[in-house]
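All remarks here apply to the structure that follows.
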Amino acid sequence: MEGLALILLDQQKDREAQIALQDAIDAGSKSARAWLELGRLKSDSDQLKKASELNPRWGEPYYQLADLNPAIDKEHLEQRATLLKKAAALDPRSIDYWQALAKTDIAAKDFAEAQKAWAGAEHAAATDEERERIHQVRSQLEENRFDYEAAERKRIKDEREADIQRVKNQSEAAIHAAEVAARKKMNPNGTAPPKAEAWYEAADAGPSVQGTFQRLDCLGQGARLVIQTADGKTVQLLMSDPSQITTGGGGDQTLVCGPQKNARQVVVRYNAKPDAKLHTVGIATAIEFH
């Protein structure tokens, strides 16, 4: 029955050959070839695996198993490559095995392994013409590899920059929303903020701190001034009622919640009334901008 099946296969009578092979296997055939041909005709991986067990030194069962494995994602490509490597290792003179392995590695973007597979195919080539053809394929593959790696580096860089910009935009939007909300709380009636008034001498009373205006933390109806002195220390002062703060000096005198974009120098006078909860050393009474 095995012999008849092989003759029928040679005559391309697959249906009749399948029946003959099934009869042979049902009768207890231990022929790896019979199991392989039936597994190939029926696309049955179990029968192909049985063929590999009956003849462990034969690469064809692994090659046929690889053909049953669809190359639809990275996992399947890796499984297919493993089977083809096994087939090529068992029969290194088969150029078909090496070429199939090389194409699978290329599909998986594993160009280093693809180069090894094409090298195996080049060694297995039967003629000088075939060997030269494969050599040209290897050379072109190296160029494609460089182009792919360059494009991949650019893609990763672009994605990283886009992600940084997205986070930056989200942060700026959140800060702006917080500033708007704080201004509404500090000025619920929507009236225009009072204009800066000239500095008056009565504000000279009490201690003062001089430094860089770093940040204004809006706290409900009040706010907290954060000043960095020349020696690098940070001084925090409470503004319990911003409308009662006297401002003076030159330049931009506006008070905006959050980190200050411009490093303005100020002298702030205050009443020494520390608040441990707010970490402030006193209550600001006047701000002079320089």
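Going highest first, how would you order 246-258, 15-27 by mean Cβ packing within 10 Å?
15-27, 246-258
May I ask which of Lys30/Lys74; Lys50/Lys109; Lys30/Lys85; Lys109/Lys157; Lys168/Lys233 have a Cα-Cα span longer than 24 Å here?
Over 24 Å apart, Cα to Cα: Lys30/Lys74; Lys50/Lys109; Lys30/Lys85; Lys168/Lys233.
Using only the alpha-carbon atoms, how far is helix 95-107 inclined from the longest principal axis of the chain? Give it as 0 to 90 degrees, nearest 10.
20
Here are several values of mean projected area of the Cα convex hull in nm²: [x] 30.0; [y] 18.5; [z] 27.4. Which one was derived from the coordinates shown?
[x]
Could you let me know the centre-to-centre spacing of the range 31-48 and the range 201-265, using Cα atoms, in angstrom?
85
Return one number: the angle in degrees, 0 to 90 and rounded to the nearest 10, between the long axis of the Cα atoms of helix 74-90 and the longest principal axis of the Cα atoms of the chain.
Result, in degrees: 40.
Over the chain, what is the mean sequence separation of C-alpha contacts under 8 Å (at least six apart), divided by residue count, expressed as relative contact order in percent?
That works out to 9 percent.
Over the range 1-139, what is the relative contact order in percent, taking alpha-carbon pairs closer than 8 angstrom and at least six residues apart?
Relative contact order here is 13 percent.
Roughly what angle does helix 128-186 make with the longest principal axis of the chain, taking Cα atoms, 0 to 90 degrees, to the nearest 10?
In the chain, helix 128-186 runs at an angle near 30 degrees to the longest axis.
To make sure I understand, if each residue's beta carbon is the centre and we count other beta carbons within 10 Å, what order do Lys277, Lys86, Lys109 fall in, fewest to most?
Placing the least packed residue first, the sequence is Lys277, Lys109, Lys86.
Quick note: the coordinates plus some simple rules give every number you see, no bench work behind them. Keep in mind the model is a prediction, meaning the values are calculated, not measured. With ideal geometry, Cβ positions are generated from the backbone for all residues, glycine too; neighbour counts draw on all protein chains shown.
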